[in-house]
Amino acid sequence: MAERWHRHLGVYGICVRNGKMLLIHKKAGPYANRYDLPVGSAEPDETLAGALRREFREETGVGINVIRCLGVQEFVVPH
C-alpha cells in the first residue's frame, strides 16, 4: 500500500497592542498550562488571513487587522 501524506495548513498570529503581546493560556493537550500565540487550521474555503482573523475572534474575542505575513513554512507529514 502506498504511503499517504497530509499537508498542514494552519496559522499563527502575533498581536501587539500598547506594548503588550496577546497570548492564550492552553487548557488541554500537550501544552496545557502554557502560553502560546493564537493558532488554528484554515478551512477549505478560507484564506490564511481570514483563518487568522477567525481564530483570534474564537480564541481571544479580539478582532484584528492582518498587516503582513511574516513567513510561510510548509509541513507535509505521513498520514
Out of the stretch 57-70, which residues are at negative phi and small (Gly, Ala, Ser)?
63
If I filter the stretch 41-58 for residues that are among the hydrophobic types (A, V, I, L, M, F, W, C), at pLDDT below 95 and more than 17 Å from residue 9 (Cβ to Cβ), do I get at least one hit?
no
Close pairs (6 angstrom Cβ cut-off, 6 or more residues apart or separate chains): in contact (Cβ under 8 Å) with a residue 12 or more places away in the chain in the stretch 4-24, loosely packed, with under 10 Cβ neighbours inside 10 Å anywhere:
4/79; 5/76; 5/79; 6/77; 6/79; 7/76; 8/75
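The values are calculated or read from the model by the stated rules, or taken from the named source; none is laboratory data. Since the structure is predicted, the reported quantities are computational estimates derived from the model, not experimental observations. Positions of Cβ are generated from backbone atoms using ideal geometry, with glycine treated the same way; all protein chains shown enter the neighbour counts.
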